[in-house]
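One structure below.
We did not get these values from a lab; they are worked out from the coordinates using the rules stated. The structure displayed is predicted, hence computed values, not measured ones. Neighbour counts are summed over all protein chains in view; Cβ atoms, including those assigned to glycine, are modelled from backbone coordinates with ideal geometry.
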Amino acid sequence: MILPFLFIGPAGAMGRGVFTSENIEESTIVEIAPVIVMSREERRLLDQTLLHDYIFEWGTKNDQCCMALGYVPVYNHSYRSNCEYEMDFGNNTISIKAIRFIKAGEELYINYNGDWNDSKPVWFDTK
């Protein structure tokens with residue numbers, strides 16, 4: 001499920017991103033995406049490819065990884081994101097939820113650390 005007013009568009013130096021053409025209320029689920037779960041061995045292979053930047057650690061022990069379908073791989077990172085993601089290991093899905101009101105035209109961001117306000121440096125941060 002992806003809300004019909006979300007779209008992928010140019011996001012400057014970040015390449016592409018997910019945007020909204022309508023206002024989104026706080027706590028709205030904007031997407032529920034299925035995931036493809038892969039093993040630790042498959043993760044080692046993926047880490048040698050561009051897909052490394054698009055996979056999520058997966059499982060209660062983080063001993064697997066997954067590739068999310070839908071728009072999930074295109075959400076850009078922000079340390080003060082306007083959305084958060086939740087992993088559902090039982091149903092093999094990732095949900096994206098607005099954590100504040102988002103105006104039409106805004107880009108939707110998630111924090112790649114998991115928590116919307118986690119300021120721990122991410123793997124590509126050059127600070």
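Modelling each spin label as a point 7 Å along the Cα-to-Cβ direction, I'd like the Arg44/Asn91 distance in nm, to one decimal. About 3.4 nm separates the two model spin labels. Between the alpha-carbon centres of the stretch 1-44 and the stretch 49-127 there is a gap of 8 Å.
Think of the chain as a dipole: +1 on every Lys or Arg Cβ, -1 on every Asp or Glu Cβ, centred on the Cα centre; then among Ile32, Phe89, Tyr71, Tyr71 lies furthest on the positive end. The aspartates and glutamates within cross-link reach of Lys120, meaning a Cα-to-Cα straight distance under 16 Å and a gap of 8 or more places when in the same chain, are Glu84.
Taking amide hydrogens as placed 1.01 Å from N in the peptide plane, the amide H of Val30 sits under 5 Å from those of Ile96, Lys97, Ala98, each at least 5 positions away in sequence or on another chain.
Residues whose amide H comes within less than 5 Å of that of Asn76, counting only those at least five positions distant or on another chain, are Val18, Ile110 (H built at 1.01 Å from N in the peptide plane).
Comparing Ala33, Ala11, Ala68 in a Gaussian network model of the chain, where Cα atoms under 10 Å apart are tied by springs, the biggest mean-square fluctuation is seen for Ala11.
Among the chymotrypsin sites (Phe, Trp or Tyr not before Pro) in the stretch 55-127, which ones are in a DSSP loop with at most 11 other Cβ atoms within 10 Å of the Cβ? Mind listing them?
Working: sites: Phe56, Trp58, Tyr71, Tyr75, Tyr79, Tyr85, Phe89, Phe101, Tyr109, Tyr112, Trp116, Trp123, Phe124; in loops: Tyr71, Tyr75, Tyr79, Phe89, Phe101, Tyr112, Trp116, Trp123, Phe124.
Sites meeting the loop and neighbour criteria: Trp123, Phe124.
Between Ile8 and Leu51, the modelled labels are 1.6 nm apart [label points 7 Å from Cα along Cα→Cβ].
Backbone N atoms of the stretch 13-52 closer than 14 Å to the 7 Å Cα→Cβ label point of Arg100 belong to residues 24-27. Farthest toward the positive end of the dipole of the chain, out of Leu108, Ile2, Val122, is the Cα of Val122, where the dipole comes from beta carbon charges about the Cα centre. Structural descriptor for the stretch 28-120: relative contact order 32 percent, calculated from alpha carbon pairs under 8 angstrom and at least 6 residues apart.
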